[in-house]
Amino acid sequence: MARPAELKIAPGDIVLTGPKASQRLLVLDYASQKVVGDVTQKAKFSSSVPSTVEVDPSGVVRAKSDGEAIITATVGKDQATMRVKAEKTGADFDWNFRNHVVPVLTKLGCNSGACHGALAGKGGFKLSLRGYAPGDDHFVLTRQANGRRINPLEPARSLMLMKPSLALAHGGGLKLEVNSPEYKLIADWIVSGAPGPSKGDTTIQKLEVFPPEAVLRPKDQLQVIVRAWYSDGHAEDVTRWARFASTEDLVAGIDDSGAVTVGGSGEAAISVAFANLVATARIAVPYANPMDEKVYSASPRHNFIDNLVLKKLEALRIPPSPQCGDREFIRRAYLDAAGILPTPEEVEAFLNDARADKRARLIDSLLKRPEYVDYWAYKWSDLLLISSRKLSAPAMRAFYSFVRQSVADDKRWNQFARDILTATGSNLANGASNYFVLHKEITDLTESTAITFMGTSITCARCHNHPLEKWTQDQYWGMANLFSQVAIKNGERPGEITVQSLSAGDVLHPRRGVPVPPAPLDGKAATDSADRRAFFVNWLTAPENAFFAKAAANRVWRNFLGRGLVEAEDDLRQTNPPSNEELLDALARDFVAHGYDVKHLTRTIMNSAAYQRSSISLAGNKADDRFYSRYLVRRLPAEVVLDAYSSVTKVPTSFTKVNVGTSGGEAGTGDYPLGTRALQLPDTQLISQFLDAFGRPERGQTCSCERQSESSVTQALHLNNGQTLNDKLRDKKSRIEEWLKEKVNDEEALRRIFALALCRAPTTDEQSRFLGIMAEAARDPQTTRREVLEDLFWAVLTGREFLFNR
Amino acid sequence: MLRLDANRSVRFCDGLTRRDFLHAGAISTLGLTLPGFFAEKAAGQTGDRDVNCIMLFLVGGPSHIDTWDPKPDAPAEVRGPFRPLATNVPGMQISNIFPRMARHADKYSLIRTVYHTATAVHDTGHQMMQTGRLFTGGIEHPHVGCVLGYVRGQRGEVPAHVLLPRPIGRTGGNLPHGHTAGYLGRQHDPFILNADPAVPNFQVPDLLPPSYISSVRADRRQRLRDAVDGAMASFENSQQARQLDGSFHLAYRLMSSPQAREAFALDRDPARTRDRYGRTRFGQSCLLARRLIERGVRFVTVNMFETVFDEVTWDIHGSRPFTDIAQMSREVVPNFDQAFTALIEDLSDRGLLQNTIVTAMGEFGRTPKINPAGGRDHHPGAWTILMGGGPIRGGRVVGETDELGYRPKSRPVTTAEVAATLFHGLGLDTHRELPGPQNRPIPLVDFGVQPIRELF
């Protein structure tokens, strides 16, 4: 390539602290301030003062004596330099149990869930999972098994070294080569008296990854290095003991040593874990599309969303599909915002509207419709698990009414959260109180609150430090303690439960047996005696909260774009970064700036050119399903399909049976008059073979995974041979009956059903195929006219174009 | 020859239109009968020597002491009303309420020391026995049969894993029971019968078109459905759309495949065969399981009961809504004795037992000491399961419980080891990793869990 190399050495100027300090260096090639290659292996290294700082041919610097040196890396004609200062090279040095030994055990996998980190340990030897309890681990290693695990006089005779190096039989196989750096580190630590963790230990403060981002090409290789910063201000190279994972192995795979190999185009996040911290590096691999920059400047931009989507597409050289047509847009918008099909009249009116801003007007009118309230009340009821499975029927209704009214009133999302999380009183009078009735156990309450309002799971941290996040077990129990003063008791009426916030009571940390100060994860602890839940909500809904606005924005975004910026939509965590971080940040900021107005957020998303793109892929964006270069087609939710069947056939669904109690069984119900739509049901316990087959969530646990959008053979058999659709088609009051009376001919019937179900006219080819098959049927003496129409409806209503939004 | 509208006339030999469903099952034109086709397969001529499995799930949890781990020397309040009976395997004794099983003990082995330490509710045991794991952290693990289907795919026109007759319903714990594909995704769920094969006009719900949809009509519907393709370009790169089309395709194959329809046509077995299994829901489910295995299904799960409430089951607490010991021995035991024996005999006669594992298991044992209501309560400390067929040897007894049947005295067997034994017997590498939630790799069984070697 003609571009001149622009070399820099990572991590840049550093200080090596202590007699054993070393640092692996990278020589990185830059273009336009971005890392575009790793040329370390081609580099020759030299030190200006080798007696102070020595550098080996692979690019590792080691402190020899206090002082400073300049390191030079030479690649062909190009050079780069960095300054290294060595200090405390004469100081006493012992490997530290907490900061060195435990990370080594973690890297080797000794304390993983499959080995000694299992709840019951392995082979009578139990360590804390990934070292979350160093004090316990030290006791186990130095005191248990008659002290045979370490032998200070003859370190090589310590079980801790003999078993993993296979000097003695080891169920886990070879984990530690004799005389490897890890082996020596453990041996040195044993020789130094196997000191345990102490209060005076420095603690790790942050992780730094180099390079934090890079733009690479397929087959490129890149080494990642990791530095840990400690509370005394010094930093160490911990690359060797960090654990690595890639979010997209097919784009950029990474091995145990931190070596990245690029596979294909796209973007991958490399997550790096060390001690209980995680950090990420991003690897972008642009597609090989020859792209003209004008494609992006000419692509429509309706608001800030489009700037950020196009910025990402341009960086990855993915072409955006053009905007969709008006017919696609109106069907898409109705289904995504309100779960209904537009009527043929509405479609025609929209097509005939000549105003330039007609899409924005359509969006505004949709957001005022009662079906919008149905749809979003249903969606938030999924999120809040409203059902008569665990709630009495009146309580279920009260909770649903609260949600429905909140949507109807455009209640701001922060107020909605506050009303729920600080609810008190009778669950029948204040429906929101049922949140605490559903989540009676404090662990369930804590974890469900995190998923519901922060879109993040902290469940792992209940028992040990979270392996994929920075959350510690202490932080979990601190957060749990915010909910320790919630009390519920039976009320006077049947099904009534009252929720109170007491002024005392703590939950104990299960391992340490003491209460942890009530604090929301990494927030400050509550100090006064007021309702701790209010303290939590203040933290949660503060504009600077890292989760609250993003979680809501991501959920709403996913509803419209088919894929969350973070996917799954409730899996926000550092090691699962958004596909477009700037965009999620901007959406969240805009949401906060507009007072947590969900309708504003919805309107912003629906008005973006990104939402209004065609679903037809271009040659260059076929492979992209996460940067919003086209509208992602997706199957409609179960309830939407069922309601659409009712509206197209004009035969409503009857909901007359409900599952009762935990012992099983069903009962009749007259609560839902004929004409009630599936999306208007407050409860998921209504019996419906169709809704179950198509993946209605049970509302049993807070998880977006409850709703299933996969297709199954059971669904297909049900549509073919089952009653739901066939009965609607055969009903004597159906639309088909009207058309028979009207003597609608084949061509007209075809035109009408396409308009009703697909919002478009049949193509010439479709028309000739349909009319041919229908004419053939008409000649068959066994086939009635009604059957021909039924079959026509069936064919259109079971095809992917109908069942999908596109 | 067969016809789709088979509920009226099953055999059919007139001139059929080109469009009839018969074409979907091309093997019939080769002049082979279906069992013949599979016998050839079993003999290795088609290179498919995979092992199948029938899992009989004894919902409720049989009392080990009253069934397959008798304690004749224990005090009366433990020993219970039954006596041990010698079997055709020297030294192997079972309770005398299983006279038929006693004559076939060479075809199955007893594992007497299965135990678990989770909460003693039905649901946890269902999870652990069907998946090998207790569900924690919101992760639902896949049923052994779903894993097999995921790894091997379906064979011919029939589903890989069929669940008869219905999934386990509520059993008190309100937890998932482990009959699904869990994190593997709904497309790997078992095909669920949802009907009682013992009723007179038994049919698979939705498998056959209703009477008003003739084969001509069904065919017309498919052709009309295929004609909607004006927006095809939108779906070209959609995995979901391919899955939808795939499901419709499979459903159509299933409903129009003579092989599949034949497999479910219980009335094709002569009346004496049907009688041999017993004309009960469980008996006819076992017969249906044999038919399905014979026609290519890889794994069949048969739930003996759907719930433990208001039904005579293995859940012998002694008082209503549960069952007492006498009721169990009068109704449940003969039902099982007859169906189980008929199944292993029939499979053996047809040469299918050599490549079909048959296992019968409950979710826990029952308390050795009889309670004041004359029943026994939940006891996950030790219980007995049955396993035979395929590579599993018969006539063995694994493990021994203590004198009163409280705990394993030797060779305790975890539920994970039971799953490992099934995986191993089915020819799957137990270290194989499955794509778990968030693509976390999850091995079939945890590191270090071994199959029960004594059974191979």
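The values are calculated or read from the model by the stated rules, or taken from the named source; none is laboratory data. Keep in mind the model is a prediction, meaning the values are calculated, not measured. Cβ coordinates were reconstructed from backbone atoms using ideal geometry, including for glycine residues, and neighbour counts include every protein chain displayed.
Tabulated values for the structure
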{"item": "Selection status of A:Arg760, closer than 15 Å to B:Arg221 by Cα, among the basic types (Lys, Arg) and in contact with a helix residue (DSSP H, G or I) (Cβ under 7 Å, 6 or more places away or on another chain)", "result": "no"}
{"item": "Helices (runs of 4 or more DSSP H) within region B:88-187 that include 3 or more residues at pLDDT 95 or above and of a type in the set (S, T, N, Q)", "result": "B:122-131"}
{"item": "Among residues of region A:105-156, those that are part of a helix (DSSP H, G or I) and among the hydroxyl-bearing types (Ser, Thr, Tyr), counted", "result": "2"}
{"item": "Test for A:Leu740: is it more than 18 Å from B:Ala218 (Cβ to Cβ), more than 10 Å from chain B (Cβ to nearest Cβ) and buried (at least 16 other Cβ atoms within 10 Å of the Cβ)", "result": "no"}
{"item": "Region A:83-118, subset of a type in the set (A, V, I, L, M, F, W, C) and in contact with a Lys or Arg (Cβ under 8 Å, 6 or more places away or on another chain), residue nearest to A:Gly200 (Cα to Cα)", "result": "A:Phe93"}
{"item": "Residue tally, condition crowded, with 21+ Cβ neighbours inside 10 Å and over 22 Å from B:His143 (Cα atoms), over region B:186-203", "result": "1"}
{"item": "The lone exception for A:Ala5 - which of (1) buried (at least 21 other Cβ atoms within 10 Å of the Cβ); (2) in contact with a Phe, Trp or Tyr (Cβ under 9 Å, 6 or more places away or on another chain); (3) of a type in the set (A, V, I, L, M) it fails", "result": "(1)"}
{"item": "A:Leu521 surrounded by 18 or more Cβ atoms within 10 Å (Cβ to Cβ), out of contact with any helix residue (DSSP H, G or I) (no Cβ under 6 Å at 6 or more places or on another chain) and not charged (D, E, K, R)", "result": "no"}
{"item": "Of all residues making up region B:229-249, the number that are farther than 17 Å from A:Phe802 by Cβ and either surrounded by 21 or more Cβ atoms within 10 Å (Cβ to Cβ) or of a type in the set (Ser, Thr, Tyr) (or both)", "result": "0"}
{"item": "Among (1) of a type in the set (S, T, N, Q); (2) more than 9 Å from chain B (Cβ to nearest Cβ); (3) surrounded by 17 or more Cβ atoms within 10 Å (Cβ to Cβ) - the single one A:Ser712 does not satisfy", "result": "(2)"}
{"item": "Options A:Ser615, A:Ser629; residue that is in contact with a Phe, Trp or Tyr (Cβ under 6 Å, 6 or more places away or on another chain), in a loop (DSSP other than H, G, I, E, B) and within 12 Å of chain B (Cβ to nearest Cβ)", "result": "A:Ser615"}
{"item": "Number of positions in region A:252-284 that are part of a loop (DSSP other than H, G, I, E, B) and modelled with pLDDT under 90", "result": "5"}
{"item": "Selection within region B:254-265 - at pLDDT 90 or above and in a helix (DSSP H, G or I)", "result": "B:Ala263, B:Phe264"}
{"item": "Options A:Asp66, A:Asp92: the member that is under 30 Å from A:His138 (Cα atoms) and either of a type in the set (D, E, K, R) or more than 39 Å from the chain's Cα centre (by Cα) (or both)", "result": "A:Asp92"}
{"item": "Residue check for A:Thr446: within 30 Å of A:Ser112 (Cα to Cα), polar (S, T, N, Q), without any contact (Cβ under 8 Å) to a residue 40 or more places away in the chain and crowded, with 22+ Cβ neighbours inside 10 Å", "result": "yes"}
{"item": "Cβ pairs under 6 Å, 6+ apart, first in region A:691-704 and farther than 11 Å from A:Arg389 by Cβ, second not in a loop (DSSP other than H, G, I, E, B) and not polar (S, T, N, Q)", "result": "A:Leu691/A:Ala638; A:Ala693/A:His718; A:Phe694/A:Ala638; A:Gly695/A:Ala638; A:Arg696/A:Ala638; A:Pro697/A:Asp382; A:Pro697/A:Glu706; A:Thr702/A:Ile451"}
{"item": "Residue list for region B:161-190, restricted to those being within 9 Å of another protein chain (Cβ to nearest Cβ), out of contact with any Gly (no Cβ under 6 Å at 6 or more places or on another chain) and touching a residue at least 40 places away in the same chain (Cβ under 8 Å)", "result": "B:Thr171, B:Gly172, B:Gly173, B:Asn174, B:Pro176, B:Gln187, B:Asp189"}
{"item": "Counted residues, region B:421-449 - those being among the small types (Gly, Ala, Ser), within 14 Å of chain A (Cβ to nearest Cβ) and either in a strand (DSSP E or B) or in contact (Cβ under 8 Å) with a residue 40 or more places away in the chain (or both)", "result": "1"}
{"item": "Those helices (runs of 4 or more DSSP H) lying entirely in region A:366-447 with at least 2 residues polar (S, T, N, Q) and under 26 Å from A:Trp539 (Cα atoms)", "result": "A:393-408, A:413-421"}
{"item": "Test: A:Tyr645 is crowded, with 21+ Cβ neighbours inside 10 Å, more than 9 Å from every other protein chain (Cβ to nearest Cβ), at pLDDT 95 or above and part of a helix (DSSP H, G or I)", "result": "yes"}
{"item": "Residue list for region B:280-331, filter: within 20 Å of the chain's Cα centre (by Cα) and charged (D, E, K, R)", "result": "B:Arg281, B:Arg290, B:Arg291, B:Glu294, B:Arg295, B:Arg298, B:Glu306, B:Asp315"}
{"item": "Scan of region A:760-782 for residues that are buried (at least 16 other Cβ atoms within 10 Å of the Cβ), within 9 Å of chain B (Cβ to nearest Cβ) and within 46 Å of the chain's Cα centre (by Cα), ordered by number", "result": "A:Arg760, A:Pro762, A:Glu766, A:Arg769, A:Phe770"}
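Quick grid of which residues meet (1) touching a residue at least 60 places away in the same chain (Cβ under 8 Å); (2) among the hydroxyl-bearing types (Ser, Thr, Tyr):
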residue: A:Lys219; (1), (2): no, no
residue: A:Ala245; (1), (2): yes, no
residue: A:Ser299; (1), (2): yes, yes
residue: A:Asn307; (1), (2): no, no
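Residues are listed down the side, and each one gets a yes or a no for (1) in a helix (DSSP H, G or I); (2) at the interface with chain A (Cβ under 9 Å from one of its Cβ atoms); (3) basic (Lys, Arg):
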residue	(1), (2), (3)
B:Asn201	no, no, no
B:Arg217	yes, yes, yes
B:Arg221	yes, yes, yes
B:Leu224	yes, yes, no
B:Ala233	yes, yes, no
B:Asn237	no, yes, no
B:Gln240	yes, yes, no
B:Leu244	yes, yes, no
B:Tyr252	yes, yes, no
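To keep it simple, each residue is scored yes or no on (1) under 30 Å from B:Ala160 (Cβ atoms); (2) within 11 Å of another protein chain (Cβ to nearest Cβ); (3) surrounded by fewer than 18 Cβ atoms within 10 Å (Cβ to Cβ); (4) at pLDDT 95 or above.
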| site | (1), (2), (3), (4) |
| --- | --- |
| A:Leu717 | yes, yes, no, no |
| A:Thr724 | yes, yes, no, yes |
| A:Leu729 | no, yes, no, yes |
| A:Glu748 | no, no, yes, yes |
| A:Leu758 | no, yes, no, yes |
| A:Thr784 | no, yes, yes, yes |
| A:Ala795 | yes, yes, no, yes |
| A:Leu803 | yes, yes, no, yes |
